[in-house]
Amino acid sequence: MVISFSLIRLTPGDPASARLGAGAEIEAVEQLRAQLGLNVDPFRQFITYVSGLFQGDMGVSLVNDVDVFDTIQRTLPLTLTYILLSVFFAFILSVPIGTFIGWTNKASIVYVFKSITSIIIATPNFFIAMIGILIFSVQRSWAPVFGYVSEFPTNLKYLWLPVAINTLILVSIISRVLHTSVVDTRNEEFVETGIIRGVSRPRFFWFYILKPSMAPTVVLISYMMGTMLGATVILETIFSLPGIGRELVNAVMSSDYPMVQGILMFFGVITVFISFIGDLIAYRLDRRVKL
Amino acid sequence: MSNNRAFATNSSRKDRIKEWVARPGGSGIIVGITMFAMIVLAGIIHPFVSKYGPDEFAGDSLQPPSFAHPMGLDQLGRDVMTRVFAAVPSDLGIAFLGVSIPLITGTIIGIMLGIAQNKYFVTLVSSLIDGINAFPLLIVAIAMVAFLGPGLFNVVIILSLLSWARYARIARTRAVVVLQQNYIEAAKLMGYSKKRIVTKHVTPNVSSETLAYALSDFILVIIIVSGLSFLGFAARPPAAEWGAMIADGRTFIGQAWWLTIFPGVAICWSAISLSFIVEGLSRRDRGN
């Protein structure tokens, strides 16, 4: 909280003059500064802001006087839906891929797997999205180019392409990590014990291979949430989905300073919270992990 | 392999290069360096070779790729290939600045934290580092654009203000390890000054680690710079910049795929070439 406040505040530049443009008159800038509460010293600004926060008040948008908290509440469900959907699908897809490739560990398969995933990881998500639009919306018209309708059956039509793109990126990252940790797990002694004891196949794969390999993967996914929120901003802008990411971009475009600060702080809290949960799950899966 | 190396020192230069490539990850490093050199070179020589300037009208608008214009023409009749190469300084150059400035400051701060005795200083700076690292980089960068205003130069400032924290964390961890090594103890016993120990013994051993991280960070920064441009927060549309060009081409994606694809391929090309180098170096490090 302190950081999000001071990061914004320590940034050189003045929101008031940035908003009014370079040619603004000094009186106008001063007036706006007073309106924003920027004319008092930073410490007092911080106190005002924090005391507001404890009352559930994150400030009010400068552009349309909407409450920042309400905006976050309104836009969050969509973002959450599509992040959770893509994490879910990515998990379902990458667990078999990562385990299979890690278990066989055949040099040629690993080579192809690593090349494909590193190409996908090195490609910016907006470019993947553009290719997706080009193939599925322009040439095949299976998906609308952009837009969103928030009723249940129709929204899937708008959501499937962004979710698919997010999933693709996630699958390549998660399965890579899973592959590495399966290879590591395979060399552990308890795996050999499992083979010698003749544990049944499903039980062997689940308890001896997957469960210990899962801990680093879960930690990674939880740390990835931050990056994923960043990706969400870009994907929501491309597909014009009215989520929290697009709200942030719009707020930045219009120098809506309380809104930017509120969303930024929200993202920070969520990122820390999720990485904490990830550590907890990892501890449940593998007690050797230190909390 | 290690036996050969003893002989290799006596052999000719060509053999030594061959031997270097044959070591783990060698081919990947070579491919990566070649690919990266190609795009940098294209960026350097294109003003002398291409027939049009990046903002110059070169023919009817939205012409598909042809022999005269290998990457086609955009909506204002500008040559896309010229623009893709003209964007090299603003993309790779900005990314380079955005990596090297935090690399230097972050390493210095990290080493200072490693050797500092003052508890308050260490706690203060470490919590600042943790605080900055807690936020997703792209999100904070976008938020800071709101206060700095858009522009490529501002992106460098933002990256310098944010990225150092990641380098400092790595440098600090490494510095703490290095300071416990025997050679530091030996240097102390030999009566070297503190300044000499820090500059000649600690810094090289710490910076090798941060440099390695910088290389993989380069990929991330290229993608962030072009991503910010794509959103319209770094380079603005008339400028030749890959992200901005893709954003431009988005309007015409139904009619002119070449406006989007070629700048995107350029980003991928640079990012993939770097990831080849990173992967090659890490394989060499592990020795397989």
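Numbers at a glance
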quantity	calculated
Peptide-level mean, for A:216-227, of C-beta atoms on other protein chains within 10 Å	1
Percent RCO, i.e. relative contact order, over region A:65-190, from Cα pairs under 8 Å lying at least 6 residues apart	44
Charge dipole of region B:8-164 about the Cα centre (unit charges at C-beta), most positive-ward option of B:Ala146, B:Ser163, B:Gly114	B:Gly114
Gyration tensor (alpha-carbon) shape descriptor, chain B, a/c threshold 1.5	oblate
Qualifying chymotrypsin sites (Phe, Trp or Tyr not before Pro) for region B:65-139 [loop in DSSP, other Cβ within 10 Å: at most 15]	B:Phe67
Relative exposure of B:Met112, B:Met38, judged by other C-beta atoms within 10 Å (fewest first)	B:Met38, B:Met112
Shape call, region B:1-152: gyration tensor on alpha carbons, a/c limit 1.5	oblate
Relative contact order (%) - chain B, alpha-carbon pairs under 8 angstrom, separation at least six	27
Qualifying chymotrypsin sites (Phe, Trp or Tyr not before Pro) in region A:118-222, DSSP loop, other Cβ atoms within 10 Å at most 11	A:Trp142
Exceeding the 29 Å Cα-Cα cut-off - candidates B:Lys119/B:Lys188; A:Lys211/B:Lys119; A:Lys106/B:Lys18; B:Lys18/B:Lys195; A:Lys106/A:Lys211	A:Lys211/B:Lys119; B:Lys18/B:Lys195
Chain B: DSSP helices with Cα axial extent of at least 18 Å and average Kyte-Doolittle hydropathy no lower than -0.5	B:26-49, B:94-115, B:119-134, B:152-179, B:203-230, B:258-286
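None of the figures in this text is laboratory data; all of them are computed from the coordinates on show. For clarity, every value in this text was computed on a predicted model and none was experimentally measured. As a convention, Cβ positions derive from the backbone with ideal geometry for all residues, glycine included, and neighbour counts pool all protein chains shown.
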